[in-house]
Amino acid sequence: MRDARRIVVKIGSSSLTTAAGGLDADRVDALVDVVARCLGAPEDEDSKEIVLVSSGAIAAGLAPLGLDGRPRDLARQQAAASVGQGLLVARYTASFARYGRRVGQVLLTSDDTSRRAHYRNAYRTLDQLLAMGTVPVVNENDTVATDEIRFGDNDRLAALVAHLVRAELLILLSDVDGLYDGNPATPGTSLIREVRGPHDLDEVEIGSAGKAGVGTGGMVTKVEAARIAAGAGVPVVLTSATRAADALAGRPVGTYFHRTGRRSAGRLLWLAHASAPRGALVLDDGAVRAVVERRTSLLPAGLAGVEGEFSAGDPVELRDAAGRAVARGLVNFDAREIPRLIGRSTRDLARELGPAYEREVVHRDDLVLLRR
């Protein structure tokens, strides 16, 4: 932990705002004080790079819009985010300016990062900001994200950003000092200091609601985010915002999730964990074996059916004859084109429909397995 140079820090809404909505300037400044001290001077050998994934835009927009609580409908959430995002970044900009640090805002949707060109561009932008000594402040682009392209929570977004920027550590900060083996308010529960794998949590009761009422999730989303990051080779510290300085200094606080896997191919992690399939392709038994066991591309000859409405480039599920999802991928054809491709060879399709049809339905580079 102490040796980690590039770190992603995620802070929740409840740690930055009041329950009634509106930013708590003192809380923001306290977080910035910790982050700025950890960054050090760019010329220092032990200086660090920090990406800040910050919730709080919707919560910050509640009070200015006269809303009593977080709206349930998407349109009003987007309106609150539109007002609150400007307030949030302005507060960060002013606070980091006390240390001579610049802030760069990066707003993402899952659609931005599951597609190859968009994924590379997101990485280049964040990497360049860090190289120029800027603190990227990342948030979901709530003002335009639809239900189909939402991450759903910033814990998951932070895990995926940690993988995207090749971070060496992810720190998840909230209003709880770590993961407990039950409700922290119940006598006799204990803090779990380390998680070495998923089976360590088999008997753990994990709460699903935050106590401040302004966020989108609770401990469930944080543990899931930790699993995603750890499975992709990024260790995770889960603790409270009040222990941020200790976490960044590498002291043993909160709950530490050990790596459980290796860093995987970039955007495929996003495709697996952040994309919502727009439809499905049904595969015959031979195609299922080819895709799952031999890791091949999906060809038209292996198709047995199509479900839903989607366009070329959209994420779709690949299902077996029993309806079980075996993979997810980016499709190369519109849904309306698929029926005439089913069961046919690419050579026959090219002869009848043209050379544009002599290609894979889903290329193996755009495909991630869901079960093995």
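Data for the structure
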{"quantity": "The chain: most fluctuating residue of G354, G197, G250 per GNM, C-alpha cutoff 10 Å", "calculated": "G354"}
{"quantity": "Carbon + sulfur, % of accessible area of the chain - ligands and nucleic acids excluded, 1.4 Å", "calculated": "46"}
{"quantity": "By accessible area with a 1.4 Å probe, ligands and nucleic acids excluded, highest first: order of S14, S174", "calculated": "S14, S174"}
{"quantity": "Dipole axis of the chain (+1 Lys, Arg; -1 Asp, Glu on Cβ), positive-most option in N154, S345, L126", "calculated": "S345"}
{"quantity": "Interchain or long-range residues, amide H under 5 Å from A4's placed H", "calculated": "none"}
{"quantity": "The range 48-77 and the range 323-362: distance between their alpha carbon centers, rounded to Å", "calculated": "42"}
{"quantity": "The range 313-358 - percent relative contact order, Cα under 8 Å, separation 6 or more", "calculated": "25"}
{"quantity": "Built amide H within the under 5 Å cut-off of T109, gap 5+", "calculated": "N141"}
{"quantity": "Choice from P315, P198, P355 with maximal GNM fluctuation in the chain (Cα, 10 Å cutoff)", "calculated": "P355"}
{"quantity": "Förster radius 35 Å - calculated FRET efficiency between D202 and A90 (Cβ-Cβ, nearest 0.05)", "calculated": "0.20"}
{"quantity": "Calculated from backbone phi, Karplus (6.51, -1.76, 1.60) coupling profile of the range 135-140 in Hz, x at Gly/Pro", "calculated": "9, x, 10, 9, 8, 5"}
{"quantity": "Under-5 Å amide H pairs with L299, H placed in peptide plane, nonlocal only", "calculated": "V361"}
{"quantity": "In order through the range 326-334: 3J(HN,Hα) via Karplus (6.51 cos²θ - 1.76 cosθ + 1.60), integer Hz, x for Gly, Pro", "calculated": "10, 7, 9, x, 9, 7, 9, 9, 6"}
{"quantity": "Gyration tensor (alpha-carbon) shape descriptor, the chain, a/c threshold 1.5", "calculated": "prolate"}
{"quantity": "Hz values of 3J(HN,Hα) by residue in the range 177-186 - Karplus curve (6.51, -1.76, 1.60), Gly and Pro given as x", "calculated": "7, x, 8, 9, 7, x, 5, x, 7, 8"}
{"quantity": "Shape category assigned to the range 272-357 from the gyration tensor of Cα positions, a/c cut at 1.5", "calculated": "oblate"}
{"quantity": "Sum of -39500 (n - 2.57) over DSSP H runs of 4+, divided by residues of the chain (222 nm, nearest 500)", "calculated": "-9500 deg cm²/dmol"}
{"quantity": "Sites D26 and A312, calculated FRET efficiency, Cβ-Cβ separation with R0 45 Å, nearest 0.05", "calculated": "0.35"}
{"quantity": "Burial order of peptide ranges 86-94, 133-141 (average beta-carbon count within 10 Å, highest first)", "calculated": "133-141, 86-94"}
{"quantity": "Stretch gain in nm, segment E358-R37, where the contour uses 0.36 nm per residue and the Cα spacing is subtracted", "calculated": "109.9 nm"}
{"quantity": "Centre separation in Å (Cα based) which lies between the range 153-195 and the range 240-290", "calculated": "14"}
{"quantity": "Cα centre as origin, Lys/Arg/Asp/Glu Cβ charges: the chain dipole, Debye", "calculated": "720"}
{"quantity": "Highest to lowest packing among 282-293, 153-164, 227-238, scored as the average C-beta count within 10 Å", "calculated": "153-164, 227-238, 282-293"}
{"quantity": "Solvent-accessible area of F257 with every protein chain in place, 1.4 Å probe, in Å² to the nearest 10", "calculated": "10"}
{"quantity": "Computed E for R262/D285 - FRET, C-beta separation, R0 30 angstrom, nearest 0.05", "calculated": "0.45"}
{"quantity": "Heavy-atom surface of the chain, accessible at 1.4 Å and reported per residue (Å²)", "calculated": "45"}
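The values are calculated or read from the model by the stated rules, or taken from the named source; none is laboratory data. Predicted model, so just to flag it, every value in this text is computed and none were measured. Cβ: placed from backbone, ideal geometry, glycine included. Neighbour counts: every protein chain shown. Heads up: the accessible areas ignore ligands, DNA and RNA and are worked out on the full protein's heavy atoms, side chains in. Shrake-Rupley method; radii C 1.70, N 1.55, O 1.52, S 1.80 Å.
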